[in-house]
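As structure tokens, the structure follows; a few thoughts come after it.
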Amino acid sequence: TLGEAIKSRNPSFADVEKVHDLLSAMSADLWERVSGYTFFFPVGPWVTDPIERQAGDLMRTSVIRIVIAGGPTLISFGVAPKEVDYWAEQVEAELMGGKVRQYIKFYQSWAVKKAVRTGDAEEHARLDAQHIAFTLMLRGLFPEQVRSMVEASLQTSGDNLHPAILDIGTGSGAWAIEMTRQYPNADVVGLDLVPVNAGSQRPSNCRFEICDANEGLDRYPSASFNVVHIRLTLQGVKDYHELFEQIHRMLRPGEVLLVLEVAFALFDANKELIRAENPDDPGFTWYHRLASILNEATKARNHSFVDIERVQELLSEMGGDLWESVSGFTFFMPVGPWPTDPIERQAGELIRDIVIRGAVSVRPALISSGMTPEEADHCAQEVQAELKGGKVLQCLKIFMSTPSFKPTMPQPAPSQISEVRDEPNPQLNHTVLRELHGGKVNALTDAYLLTGDAEEHARLDAQHTAVCLMLGGLFPEQVRSMVEALLQTSSDNPNPAILDVGTGSGAWAIEMARQFPNADVVGLDLVPVNAGSQRPSNCRFEICDANEGLDRYPSGSFNVVHIRLMLQGVKDYHKLFDQIHRMLRPGGVLLVLEAAFAVFDVNRELIRAETPYDPGFTWYHRLTAMFNKATKARNPSFADVERVDKLLLEVENESWENVSVFSFFMPVGPWAPDPVERQTGDLMRSSVLQATVSIRPALISFGISPQEANDCAEEVAVELKEGKVQQYLK
């Protein structure tokens, strides 16, 4: 009855015994191999084998509980509550009596994913060649028709100190990288679903982020970009109207969107649409057959794709209130080196080679559309033979749309997120910073209100050095052997990976990447990193709010996750730790280092004095107490910052193999006799002095007057520079 109840709520459950068949039906194109077997599990300790007997005893207990847990499902299915209770009593009596011997049948399946897939280095090499072909046909990175408009948009001026470009569906990153070189004063962001395999060195004013344009564009504030570029991406977009509205929101008034798309249709040498469906029909081509199947497969997967040729109309339908103008044009891209024009011939040769290689990339889509693997392979082979033979003259039709934002649209009000216009560091991108009470804070969340500029990152570098001195390295001695073992490559661990949540200046992530060159290191933060040193190739940084954006990382992605001094910005600690547990690989480790905003005296006793007249009062204690209250008011979860180990212990048996904790005291000032502590204290004093500036926006947002915040900061500076008061942080 419970099985029928589940099927009524979820019809897919009818296939639960066919998982192996379903995986096999997905074909060898997706899975390296699919295997499985069944086994019978005793319900009760009645079997003679000792392991089966112990398992049966445990399963009996589990089944008795399942009957209780399944009660709501049965009642929702229509079973009377009294009948459910009666069944539960009877099942328990039956199983505890042990007279009935029963089994449950289990199905174990496993599928090994193919190592080579689209989105890999080979696919990015194909996209690089495609980029060159389009650049040849357009005579540049964008059409001649909009050249003056784009160049004007990207010139720096008093009203446009930080021009910015967004490349949606950046692919190999080739267009984004070339734009950064052509416009070195512009910040360029490239988005894609997979990391970029950039074949050339990435300029400092270019960054790449993993993002699904269907869901993740809210991370960018309004009026963030001068130019937004889309090329051959719309096949993956679920709602064109929603995408264009988001782009309109992100564009600055008067600026431009560039869209280049292609319909999956083939044209002959006379630029007439090929319609022949069968090999015996006049004018038939195998590439047309392949493109038609891919077209239908894409429309079946994404109904919006039926509008791919109507992009210009869709933009025009958004109305004259939004766009100053919407223009566009089409051109034909030869598939093969058959045109007489030398540039078209070179472009055609590139496209031919791309299509030959691309026949492999589209294979999963063809099979998902209903073709057998053999049919997909045959079609691909015929296309390759046709294009290599060079006897069939074919073209693709390319659609270019270029709407420009109406220049009379109002600028965002000062209270809204807008670009930071006086940021001296071009790497600290204005699109993710906002002005708040004289400071520059992140634009993604109000949960964390410390500044995010270059000065703050210099402070975090000093803090990083101080913490490493106290720990004796990048992580505590107590876990050194565990961390080092997790980050060793082996046949079972070919790609060790590290996630640094709240990476700050990126110092920890960069040093981990150097210490473990075989590990991939990802650093997340609310603002771009101002890395003081060259970033290793195995380290990348992404902009992400850990409260919202961790779903982007698949389960079992990382061996080590690191958190340091960032929980003040986390709204729900349980949710964060659940996400980290999901992302960690079995046996992986979470490292959390936090400090409560409280100050301790030379005897390591908590300072409680509230006024300058109380014995033991310090201005640094006053400042931290103010910030503590401001943080808790903004984020009540911070009340648990000293209970992190207890929160983890509460779920230890279900989630964690073990949870360990220790505390240490960090001197604030170079007064300790121990040379390491003295050096640490000197660094921490410098860090705290800068922190009086970093926390100012948070204090004023809490209701503390600017004058009071300034006065307290000045008193702290005098106190720490004089060095008469000896204080610790725990």
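The values are calculated or read from the model by the stated rules, or taken from the named source; none is laboratory data. Computed from a predicted structure; not experimentally measured. Here the Cβ positions follow ideal geometry from the backbone for every residue, glycine too, while neighbour counts run over all protein chains shown. Ligands, DNA and RNA are stripped out before the accessible areas are found, and what is left, the full protein with its side chains, is counted by its heavy atoms. Shrake-Rupley method; radii C 1.70, N 1.55, O 1.52, S 1.80 Å.
Table for the structure above
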{"quantity": "Total residues in the range 120-143, condition at pLDDT below 85 and either in contact with a strand residue (DSSP E or B) (Cβ under 6 Å, 6 or more places away or on another chain) or over 29 Å from ALA359 (Cβ atoms) (or both)", "calculated": "0"}
{"quantity": "Residues (free of Cβ contacts under 8 Å to residues at least 12 places away in the same chain, outside any loop (DSSP other than H, G, I, E, B) and among the charged types (D, E, K, R)) located in the range 86-100", "calculated": "GLU89, GLU94"}
{"quantity": "Residues of the range 479-512 classified as in contact with a Ser or Thr (Cβ under 7 Å, 6 or more places away or on another chain) and not β-branched (Val, Ile, Thr), total", "calculated": "3"}
{"quantity": "Failed condition for TRP338, given (1) among the aromatic types (Phe, Trp, Tyr); (2) within 22 Å of PRO143 (Cβ to Cβ); (3) over 35 Å from the mean Cα position of the chain (by Cα)", "calculated": "(2)"}
{"quantity": "Only listed residue being open to solvent by 20 Å² or more (accessible area, probe 1.4 Å) and touching a strand residue (DSSP E or B) at 6+ places or on another chain (Cβ under 7 Å), chosen from SER304, SER325", "calculated": "SER325"}
{"quantity": "Which numbered condition SER316 fails, given (1) polar (S, T, N, Q); (2) farther than 27 Å from LEU136 by Cβ; (3) within 29 Å of the chain's Cα centre (by Cα)", "calculated": "(3)"}
{"quantity": "Candidates ARG421, ARG434 - the one that is modelled with pLDDT under 90, open to solvent by 60 Å² or more (accessible area, probe 1.4 Å) and among the basic types (Lys, Arg)", "calculated": "ARG421"}
{"quantity": "Residues located in the range 147-169, provided they are at pLDDT 85 or above, out of contact with any Lys or Arg (no Cβ under 9 Å at 6 or more places or on another chain) and hydroxyl-bearing (Ser, Thr, Tyr)", "calculated": "SER148"}
{"quantity": "SER12 being hydroxyl-bearing (Ser, Thr, Tyr), part of a helix (DSSP H, G or I) and loosely packed, with under 12 Cβ neighbours inside 10 Å", "calculated": "yes"}
{"quantity": "Tally, over the range 611-644, of residues that are open to solvent by 70 Å² or more (accessible area, probe 1.4 Å), in contact (Cβ under 8 Å) with a residue 12 or more places away in the chain and in contact with a Phe, Trp or Tyr (Cβ under 8 Å, 6 or more places away or on another chain)", "calculated": "1"}
{"quantity": "Residues within the range 329-370 that are in a loop (DSSP other than H, G, I, E, B) and over 30 Å from GLU313 (Cβ atoms), tallied", "calculated": "6"}
{"quantity": "Matching residues, the range 152-203, being under 21 Å from the mean Cα position of the chain (by Cα), crowded, with 21+ Cβ neighbours inside 10 Å and of a type in the set (S, T, N, Q)", "calculated": "THR170, SER172"}
{"quantity": "Residue within the range 59-68 that is aliphatic (A, V, I, L, M) and either loosely packed, with under 12 Cβ neighbours inside 10 Å or not in a helix (DSSP H, G or I) (or both) present", "calculated": "no"}
{"quantity": "Of all residues in the range 17-27 being among the hydrophobic types (A, V, I, L, M, F, W, C) and either open to solvent by 70 Å² or more (accessible area, probe 1.4 Å) or at pLDDT 90 or above (or both), the one that is nearest to PHE77 (Cα to Cα)", "calculated": "LEU22"}
{"quantity": "All positions within the range 686-701 that are open to solvent by less than 50 Å² (accessible area, probe 1.4 Å) and assigned to a helix (DSSP H, G or I)", "calculated": "SER687, VAL688, LEU689, ALA691, THR692, SER694, PRO697, ALA698, LEU699, ILE700"}
{"quantity": "Residue among VAL522, VAL467, VAL529 that is on the phi < 0 side of the Ramachandran plot and open to solvent by 10 Å² or more (accessible area, probe 1.4 Å)", "calculated": "VAL529"}
{"quantity": "Answer from ALA509, ALA513, ALA447 - the residue that is outside any strand (DSSP E or B), touching a Gly at 6+ places or on another chain (Cβ under 7 Å), modelled with pLDDT of 90 or more and of a type in the set (A, V, I, L, M, F, W, C)", "calculated": "ALA509"}
{"quantity": "Among (1) touching a helix residue (DSSP H, G or I) at 6+ places or on another chain (Cβ under 8 Å); (2) open to solvent by 10 Å² or more (accessible area, probe 1.4 Å), the one test that SER491 misses", "calculated": "(1)"}
{"quantity": "Residue within the range 8-31 that is of a type in the set (Ser, Thr, Tyr), under 38 Å from the mean Cα position of the chain (by Cα) and over 30 Å from PRO373 (Cβ atoms) present", "calculated": "yes"}
{"quantity": "Residue match in the range 32-40 (condition: among the aromatic types (Phe, Trp, Tyr), out of contact with any Phe, Trp or Tyr (no Cβ under 7 Å at 6 or more places or on another chain) and either surrounded by fewer than 16 Cβ atoms within 10 Å (Cβ to Cβ) or part of a helix (DSSP H, G or I) (or both))", "calculated": "yes"}
{"quantity": "Cβ-Cβ under 6 Å pairs, at least 6 apart or on other chains, the range 53-65 side on the phi < 0 side of the Ramachandran plot, far side part of a helix (DSSP H, G or I) and open to solvent by 70 Å² or more (accessible area, probe 1.4 Å)", "calculated": "ILE64/GLU92"}
{"quantity": "Residue within the range 254-265 that is more than 31 Å from the chain's Cα centre (by Cα) and modelled with pLDDT under 90 present", "calculated": "yes"}
{"quantity": "Filter result (more than 23 Å from PRO636 (Cα to Cα) and outside any loop (DSSP other than H, G, I, E, B)) within the range 535-564", "calculated": "CYS539, ARG540, PHE541, GLU542, ILE543, ASP551, ARG552, PHE558, ASN559, VAL560, VAL561"}
{"quantity": "From the options VAL392, VAL383, VAL362, VAL335, residue that is touching a Lys or Arg at 6+ places or on another chain (Cβ under 6 Å), surrounded by 15 or more Cβ atoms within 10 Å (Cβ to Cβ) and of a type outside the set (Ser, Thr, Tyr)", "calculated": "VAL335"}
{"quantity": "Condition met for ARG275 (under 30 Å from ASN226 (Cα atoms) and basic (Lys, Arg))", "calculated": "no"}
{"quantity": "ASN226 vs. criteria at pLDDT 90 or above, in a loop (DSSP other than H, G, I, E, B) and over 21 Å from the mean Cα position of the chain (by Cα)", "calculated": "no"}
{"quantity": "Qualifying residue in the range 312-319 (condition: in a helix (DSSP H, G or I), modelled with pLDDT of 85 or more and under 22 Å from THR135 (Cα atoms))", "calculated": "yes"}
{"quantity": "Condition met for ASN278 (on the phi < 0 side of the Ramachandran plot and open to solvent by less than 60 Å² (accessible area, probe 1.4 Å))", "calculated": "no"}
{"quantity": "Subset of the range 645-677 (residues that are open to solvent by less than 80 Å² (accessible area, probe 1.4 Å), touching a helix residue (DSSP H, G or I) at 6+ places or on another chain (Cβ under 7 Å) and under 23 Å from PHE600 (Cα atoms))", "calculated": "PHE664, MET666, PRO667, VAL668, GLY669, PRO670, TRP671, ALA672, VAL676"}
